[in-house]
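S.K.: Okay, here's the structure, questions in a sec.
The values are calculated or read from the model by the stated rules, or taken from the named source; none is laboratory data. All of these numbers come straight from a predicted model, not from anything done at the bench. Cβ sites come from the backbone with ideal geometry, for glycine too, and all protein chains shown count toward neighbours. For the accessible areas, the whole protein counts, side chains as well, though only heavy atoms, and no ligand, DNA or RNA atoms are used. Shrake-Rupley method; radii C 1.70, N 1.55, O 1.52, S 1.80 Å.
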Amino acid sequence: MRASDAERERIAELLREAVAEGRLEMDEFEQRLETAYTARTHGELEPLVQDLPAPGTAVAPVGSSAPAPLRGSAANWPARIGSTPTSKGGFALWGGFNRKGRWTVGRKFTAFAMWGGGEIDLREADFEDRDVVIRCIAIMGGIHVTAPPELNVDVRGVGIMGGFGEGPNEDGETVPEAPRVTITGLALMGGVGVERKRTKAERRRLKEAEEAERAVRERQRLDGPDTGQGGGGRKELG
């Protein structure tokens, strides 16, 4: 069966996601991407993603009408829910605390900072439960929470002579498979900030993938239009 432009682009999106997660090396990504854009049939597209699961779900069939996975998520969310918590709180008094890297957030996590600061990084964390509450109390201190763009985060805290809210966020949309995190509490003459951004490694991989994709499209432009158009009537890419 002939492949359409939409199906080629869906496969390309899966490949971008895979390189962002570190599942593909850059040279392999570039080879598969070029094959995807020049493929004429489903039989040529399917092998390109057979070994690449989408985050949290099985890879959608090539002919599926389901949307492609979001870019930039390094999360296999179902596999990251249900672990035994490694931390249920953080405390800072004239000092600081941090929870980052690979750790498991308790169902209820309480953070306290007085004349000090705390850092809570959820980008590589696992979660005890699908619904998590993080309670932050900052008194003349500060607590900073960093979450990936795809995580479902609801900020409900109160600031009194201080601030409690979200800062600048990277582009991204929440996904249904991700946990739901409620961030609540109080900032008294202090601050609690919530930021959504990807890790440096993930941003670097995405940038490299975009550069590789531009190189593939430029090579195809220089090679000229594809005269063997299939049922999708693919146009020259460039």
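S.K.: Starting from the Cα of Lys100, step 7 Å toward the Cβ, then list every residue of the range 185-219 with an amide N under 16 Å from that point.
M.R.: Only 193-204 pass the distance filter.
S.K.: May I pose another question? In Å², what does the accessible area per residue of the range 65-208 work out to with a 1.4 Å probe? Mind dumping the intermediate values first?
M.R.: Numbers: 6970 Å² over 144 residues.
I get 48 Å² per residue for this part.
S.K.: Glu218 to Ser83: extension gain in nm, 0.36 nm per residue of separation minus the Cα-Cα distance? The partial results should precede the final answer.
M.R.: Numbers: separation 135, 0.36 × 135 = 48.60 nm, distance 4.56 nm.
Using 0.36 nm per residue and subtracting the Cα-Cα distance, I get 44.0 nm.
S.K.: Let me ask something else about it. At 7 Å along Cα-to-Cβ for each site, give me the label-to-label distance between Glu9 and Gln31 in nm.
M.R.: Calculated label separation equals 2.8 nm.
S.K.: Reachable lysines from Lys108, Cα under 20 Å, same-chain residues fewer than 8 places away excluded?
M.R.: List returned: Lys88, Lys100.
S.K.: Carbon-plus-sulfur fraction of the accessible area of the range 63-201, 1.4 Å probe, in percent? Could the numbers behind the result be given before it?
M.R.: Details: 3480 of 6560 Å².
Within the range 63-201, the accessible surface is 53 percent carbon and sulfur.
S.K.: Follow-up. Largest first and in whole Å, what are the equivalent-ellipsoid semi-axes of the range 80-146 based on the Cα gyration tensor, each being the root of 5 times an eigenvalue?
M.R.: Working: eigenvalues 94, 23, 15 Å².
Working from the Cα gyration tensor, I get semi-axes of 22, 11, 9 Å.
S.K.: With every protein chain kept in place and ligands, DNA and RNA left out, what is the accessible area per residue of the range 1-57? Probe 1.4 Å, answer in Å². Walk me through the numbers before you get to the answer.
M.R.: Working: 2490 Å² over 57 residues.
Value returned for the range 1-57: 44 Å² of accessible area per residue.
S.K.: Ok, one more. So if I place +1 on the C-beta of Lys and Arg and -1 on the C-beta of Asp and Glu, and nothing else carries charge, what would the dipole magnitude of the range 79-238 be about its Cα centre? I want it in debye, nearest 20. Provide the component values of the computation, followed by the final result.
M.R.: Working: 26 positive and 24 negative charges, 70 e Å.
Roughly 340 debye, rounded to the nearest 20.
S.K.: Continuing with the same structure: Once you list every other residue whose beta carbon is under 14 Å from the beta carbon of Gly142, what net charge do they have if Lys and Arg are +1 and Asp and Glu are -1?
M.R.: So the surrounding residues net to -2.
S.K.: Can you give the net charge of the other residues whose Cβ lies under 9 Å from the Cβ of Ile120, counting K and R as +1 and D and E as -1? Working shown, then result.
M.R.: On the way: positive: Arg99, Lys100; negative: Glu119, Asp121.
Cβ neighbours under 9 Å give a net charge of 0.
S.K.: Excluding Glu177 itself, what net charge comes from residues whose Cβ is under 15 Å from its Cβ, given Lys and Arg +1 and Asp and Glu -1? Mind dumping the intermediate values first?
M.R.: Details: positive: Arg80, Arg130, Arg180; negative: Glu17, Glu21, Asp126, Asp129, Asp131, Glu150, Glu173.
Net of charged neighbours comes to -4.
S.K.: Would you pull out the residues with amide H under 5 Å of Val158's amide H, same chain only if 5 or more places away, H placed 1.01 Å from N?
M.R.: Gly185, Leu186, Ala187
S.K.: Please give the peptides 15-25, 102-112 ranked by average Cβ packing (other Cβ atoms within 10 Å per residue), highest first, as a rough proxy for protection. Before the final figure, lay out the partial values.
M.R.: Details: 15-25: 20.5, 102-112: 17.8.
Highest to lowest by the protection proxy: 15-25, 102-112.
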